[in-house]
Each structure stands twice: as structure tokens, then as C-alpha cells.
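The values are calculated or read from the model by the stated rules, or taken from the named source; none is laboratory data. Since this is a predicted model, take the numbers as computed values, not measurements. Note that we place each Cβ from the backbone using ideal geometry, even for glycine, and neighbour counts take in every protein chain shown. Just the protein is used for accessible areas: all its heavy atoms, side chains included, with ligands, DNA and RNA removed. Shrake-Rupley method; radii C 1.70, N 1.55, O 1.52, S 1.80 Å.
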Amino acid sequence: MAKNKKADQIRQLYNLANSFTRQQWQKINQKGYEFAHDEQLSQSEKDSLEEQGMPTFTINRILPVVEMLNFYATANNPRWQAIGVEGSDTDVAAVLSDLTDYVWHNSNGSTLYNNAINDSVTKGIGYLLVTIDRDADNGLGEVVVQQPEPFDIYIDPKSRDMLFRDASFIMIRKVLPKTHLMKVFPDHKRKIAQSSSNEQVQNTYSIRASGDNDQKLYTYNDDMDASLSITPAGEMDQLVEFFEVYEKIKISYISLFYRIPPDEEQLRAIKEQASVQLKEMEAEMQVSLLEQDQQMQQAVQSGDMLPERYELEMKKAQEMMAQQLQVAEQEIMSQLQAEASKIENEVVTEKEFKILMKDPQIAKNVVDQVQFYSNRIKQTCLAGDKVLYDQTLPDTITEYPLVPFHFKWTGTPFPISAVSPLIGKQQEINKAHQLMVHNASLGSSLRWMYEEGSIDAELWEKYSSSPGALLPIRPGVERPTPVIPAPLSSAFFQVVQEGKSDMEYLAGIYSSMMGDS
């Protein structure tokens with residue numbers, strides 16, 4: 001019952017993250033990604049242009065800009081270096097630097113970094129994910145870096161931090177065949193086989209697969225289509241939604257200060273040390289008592305003190321010396337024991353602390369305790385309506401293992417790409433070129449107006465644009481009149497040139513930076 005409740009909670013989180021704003025942001029950036037890869041006309045636009053006899057080519061001015069931005073950002077590979085806090089940390093820092101380089105090289109990090117930057121430029125944001133491959137190194141595990149698809153990641157809409165550190169959750173959603181999921185999670189085959197996705201499968205929002213109005217939000221399975229989901233046996237496989245959710249939780253900890261009492265060997269050493277100090281103190285007091293006795297005997301002999309006073313004072317001095325020795329013995333023992341009892345500090349969870357306090361030997365040695373709450377990351381994996389597993393990551397991981405690369409951060413989880421501002425100008429350039437080529441085509445292949453029945457229309461249509469062709473007309477009819485297209489305004493050429501300049505200005509990548517002399 002709890003697992004079904006958790007599955008419902010994750011579904012609610014997905015519905016919250018997949019808001020209308022998120023869908024519009026994805027649609028816009030998907031369009032920018034397609035424009036950068038020369039998919040600039042929808043099927044309805046192509047059909048309309050072909051019906052009018054107009055060309056359907058595009059002049060892609062966005063791709064060179066994207067390539068230059070990628071070049072500037074990835075010309076040098078990232079370099080990892082750990083710096084010790086003090087001189088004694090130099091060796092440890094060198095080991096950490098080598099480990100980081102090993103993880104980066106083992107994960108082919110440079111290629112993943114290049115792809116993340118390309119996603120940042122074309123889709124607004126790219127990601128790198130740091131995770132664990134538990135099966136690597138013969139089951140010992142390896143830290144690996146992955147590069148997830150940006151549109152598969154759903155961020156808490158309330159997040160306002162550039163690195164999403166204030167997000168209450170981060171979700172990765174994929175649509176995968178069950179057979180593939182079983183290979184990824186062989187320990188959970190039964191759960192995956194029993195799972196089901198009731199929701200409509202939606203992957204990306206694209207204009208390429210539909211001939212409808214571009215203002216509509218289209219659903220297009222760029223990544224996985226049901227017809228492509230086939231098992232190794234050649235049978236159709238069922239698609240299922242896979243969610244990987246990271247949540248920030250607060251766990252109560254106790255900073256515990258406790259005294260470690262000395263053991264028997266230490267107690268024996270303490271007693272020996274106390275005995276030596278008492279003997280030294282007793283010897284000193286005996287000498288002081290003899291000096292006092294000598295002084296008082298001289299006073300008795302000179303008649304300055306009565307013998308009875310002498311005996312009384314000596315008795316008091318001996319009793320005082322005995323009391324001082326007894327008190328000193330207790331003080332020395334207490335002081336030595338306190339010095340031998342070390343104060344240690346340990347951080348334990350509140351649950352562990354309550355268990356420890358049930359032991360009276362531990363409880364009596366507790367000096368102080370401080371309660372605090374620490375951030376922890378909880379990971380939950382869900383296939384359809386079945387929770388595969390959930391776990392709390394180690395206490396050293398207090399932030400999400402997902403690193404975002406924004407192109408232009410907007411203070412929300414919906415950044416702006418470099419391509420989005422260029423789409424309008426790209427469409428303007430395409431349309432201007434199409435009109436100019438269409439007008440030139442009309443000028444070289446004239447259209448004709450004729451009286452019905454005055455000519456052989458099929459013959460004229462076939463040979464009217466052929467050089468040296470003889471075109472017959474029937475006697476007594478008016479000759480066909482050529483329809484000459486209106487000359488294009490020179491403003492079209494100016495629009496194209498200004499459009500190119502505007503695109504360079506908007507992108508900040510000028511032709512001279514791309515090698516144009």
C-alpha cells in the first residue's frame with residue numbers, strides 16, 4: 001500500500017512539474033533545436049509551398065553560429081585540481097585530483113561535456129549527471145558521469161537557484177520498453193513485468209510530424225515510438241514510463257560530546273603518579289612541621305611561650321597536616337582522572353542517539369548534546385506504477401548529483417537558448433530567398449493567357465519554354481498573351497542582408513569570427 005502511495009506521489013510531482021509553462025518552454029526550445037539542425041519547415045508549410053510551385057529550401061544561418069559557440073566553450077577540456085588547505089594536505093589533494101581525472105577519462109567526459117554545451121546552446125540547458133555503476137570493476141562499483149537528455153528532466157517549478165540547490169525535487173522521466181528496463185534492473189524483473197503506465201506516452205514536442213497549425217502543441221515521439229518497441233524475439237513490447245526522482249529530505253542528527261573514562265592500566269598509572277605526588281607533599285610538610293617545632297622550642301626556652309601552648313600548637317599542626325594530605329590526595333586523584341578522561345565528539349542520527357541513551361554506562365558519560373538537521377538526498381526509481389527501490393544517498397552527498405549548464409539563466413528552471421532569438425530572422429531570410437527564387441523562376445518560365453479553344457493547351461504547356469519551339473495557334477483567334485511577373489522590389493535584397501547582419505548581432509558571432517575575410 002505504501003509503494004502505491006509513493007507511486008501516486010511521484011505521479012503528482014510529475015504533473016506539477018509538467019505544467020503549461022514547462023510544455024511551452026520545451027516546445028520553443030525543441031523548435032530552436034530543429035532550426036539549428038535544418039528542420040525549419042513543418043509538413044504543412046512544405047505542402048503549401050509545393051502547391052504554389054515555390055521552393056522549399058532553407059538557408060541555415062543558425063548552424064554556423066551554434067558551431068562557433070560550441071567551439072569557444074569546448075576548445076579546452078576541463079581540468080580538475082584539488083588544492084590542500086594546508087601543507088600536509090598536498091598528497092591527499094594530489095590523490096583526489098588523480099581520482100577525478102580517472103573518473104572523467106573513464107566516462108569519456110570530454111564528449112559528454114561537448115554534448116551538454118551543445119544542448120545548452122540549442123535547447124537552453126544541458127546536464128551532466130554523476131552516478132554510480134554498481135556492476136563496474138567486478139561489483140566494486142565505479143563513479144561515472146552521464147549526459148541525460150534535457151527534456152527528460154523536470155525541475156521543481158519553485159526553484160530559483162542557478163544550480164537548483166533549492167529545488168525540493170528533480171525528476172528524470174524516460175519512456176522505455178519493458179525488456180530494456182529488465183536488462184537495466186535485472187533484480188526487479190517481476191516488478192517491471194507487472195508494471196503498467198495508464199498515462200498517455202509523450203516524449204517531445206515537435207513541429208515536424210504534424211501538418212496542423214503551428215500554434216498547436218504537438219505530441220511527437222522523437223525518442224521512442226510504440227511501433228519501434230520490439231523484443232529480441234521480434235514481438236511487440238510494451239512501453240512503460242520510468243521515473244528517477246531525487247528529493248531533498250531533512251534528517252535529525254545529534255552532535256554528541258562524551259567523556260571516555262580511563263581503563264584499568266590508566267587507573268594504575270594514575271594511582272602511582274598520585275602516590276609519588278603525595279609522598280613529595282608529605283615530605284615537604286614534615287620539614288615545615290620540624291621547622292615550626294624548632295621555632296616553638298626556642299620560644300619555650302626563652303620564656304616567650306608556655307610548654308602547654310607548645311604541646312597544643314604541635315597537636316593542631318599535626319592534625320592539620322593529616323587533613324591537608326587527605327584533601328590533597330582526593331584532589332590529585334580527581335585531577336588526574338579528569339586529565340585521563342578524553343572528551344570525544346561524534347555525530348549520530350537521532351534514532352541512534354535514543355538507542356545509545358538506553359545504556360546507563362554511556363548516558364552517565366555524556367557531557368553535552370546538540371541537535372541539528374542535515375540535508376540528505378533520497379533517490380526513488382519507479383517503473384509505471386511500481387516502485388523499484390528507494391534509497392538515501394550517503395551522508396557526504398548533500399546536493400543533487402545533477403550539474404546544469406544554462407545558456408541564459410532566467411531565474412527559473414526555464415532558461416533561454418542561443419537559438420530562440422534567431423528563429424524569427426531565420427524565417428525572414430528563408431521567406432525572402434524563396435520569394436526571390438520563385439520570382440526568378442516565373443520570369444524564366446512565362447505564364448500565358450489565352451482564349452479557350454485558341455491553342456492546343458497540352459502542346460503549349462509542354463513546349464512553351466523550350467528554345468526554338470514552334471507554337472501553333474488556330475486561325476482567327478487572339479494570340480496568347482504572356483503574363484510577366486511584377487519585378488521584385490530591391491527591398492527584398494536589403495531584407496536578406498539586414499537579416500544576416502541582425503542574426504550576427506543577436507548571436508554575438510560575427511562573420512569575421514567565422515573566417516570571413
Next on the checklist: Of everything in the stretch 134-173, what is surrounded by 14 or more Cβ atoms within 10 Å (Cβ to Cβ) and on the phi > 0 side of the Ramachandran plot? Give them in sequence order.
Outcome noted: Phe164
Next on the checklist: Considering only the stretch 409-421, I want to know if a residue exists there that is modelled with pLDDT under 90 and among the polar types (S, T, N, Q).
Outcome noted: yes
Next on the checklist: Here are the criteria: (1) farther than 30 Å from Met182 by Cα; (2) among the hydroxyl-bearing types (Ser, Thr, Tyr); (3) open to solvent by less than 80 Å² (accessible area, probe 1.4 Å). Tell me which single one Thr396 does not satisfy.
Outcome noted: (3)
Checklist entry - If you go through the stretch 325-332 one residue at a time, do you hit one that is β-branched (Val, Ile, Thr), in a helix (DSSP H, G or I), open to solvent by 80 Å² or more (accessible area, probe 1.4 Å) and out of contact with any Phe, Trp or Tyr (no Cβ under 8 Å at 6 or more places or on another chain)? => result no
Checklist entry - Restricting the first residue to the stretch 488-500 and requiring it to be more than 21 Å from Pro64 (Cβ to Cβ) and of a type in the set (Val, Ile, Thr), which pairs with a second residue that is surrounded by 11 or more Cβ atoms within 10 Å (Cβ to Cβ) and at pLDDT 75 or above meet a Cβ separation below 6 Å and a spacing of at least six or different chains? => result none
Checklist entry - Mind checking whether some residue in the stretch 251-259 is at pLDDT 90 or above, small (Gly, Ala, Ser) and part of a strand (DSSP E or B)? => result yes
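Test Leu112 against the criterion of being open to solvent by 80 Å² or more (accessible area, probe 1.4 Å), part of a helix (DSSP H, G or I), of a type in the set (A, V, I, L, M) and on the phi < 0 side of the Ramachandran plot, and give yes or no.
So Leu112 fails the test.
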Checklist entry - in a helix (DSSP H, G or I) and under 21 Å from Asp502 (Cα atoms), is that true of Phe35? => result yes
Checklist entry - From the residues in the stretch 12-44 that are open to solvent by less than 20 Å² (accessible area, probe 1.4 Å) and of a type outside the set (S, T, N, Q), which one is nearest to Gln426 (Cα to Cα)? => result Phe35
Next on the checklist: Looking at (1) surrounded by 14 or more Cβ atoms within 10 Å (Cβ to Cβ); (2) within 30 Å of Ser255 (Cβ to Cβ), which one does Tyr310 not meet, given that it meets all the others?
Outcome noted: (2)
Item to check | Cross-chain or 6+ apart pairs with Cβ under 6 Å, the stretch 35-54 first and on the phi > 0 side of the Ramachandran plot, then open to solvent by less than 50 Å² (accessible area, probe 1.4 Å) | outcome: Asp38/Asn60
Next on the checklist: Restricting to the stretch 399-430, name every residue that is surrounded by fewer than 18 Cβ atoms within 10 Å (Cβ to Cβ), of a type in the set (A, V, I, L, M, F, W, C) and not in a loop (DSSP other than H, G, I, E, B).
Outcome noted: Val403
Checklist entry - So, of the residues in the stretch 265-291 that are open to solvent by 70 Å² or more (accessible area, probe 1.4 Å) and in contact with a helix residue (DSSP H, G or I) (Cβ under 7 Å, 6 or more places away or on another chain), which turns out to be nearest to Gln323 (Cα to Cα)? => result Glu282
Next on the checklist: Just to be sure I understand the filter: pairs with C-beta atoms under 7 Å, separated by 6 or more residues or on different chains, first member in the stretch 64-85 and open to solvent by 50 Å² or more (accessible area, probe 1.4 Å), second member outside any loop (DSSP other than H, G, I, E, B). Which pairs pass?
Outcome noted: Pro64/Met514; Asn77/Ser110; Trp80/Ser97; Trp80/Thr100; Trp80/Asp101; Trp80/Trp104; Gln81/Ser97; Ile83/Ala93
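Taking Val103, is it under 22 Å from Glu244 (Cβ atoms), surrounded by 15 or more Cβ atoms within 10 Å (Cβ to Cβ) and either of a type outside the set (A, V, I, L, M) or in contact (Cβ under 8 Å) with a residue 12 or more places away in the chain (or both)?
Spelling it out, Val103 is indeed under 22 Å from Glu244 (Cβ atoms), surrounded by 15 or more Cβ atoms within 10 Å (Cβ to Cβ) and either of a type outside the set (A, V, I, L, M) or in contact (Cβ under 8 Å) with a residue 12 or more places away in the chain (or both).
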Item to check | Residue ID - nearest to Pro401 (Cα to Cα), chosen from residues in the stretch 134-179 that are in a loop (DSSP other than H, G, I, E, B) and basic (Lys, Arg) | outcome: Arg165
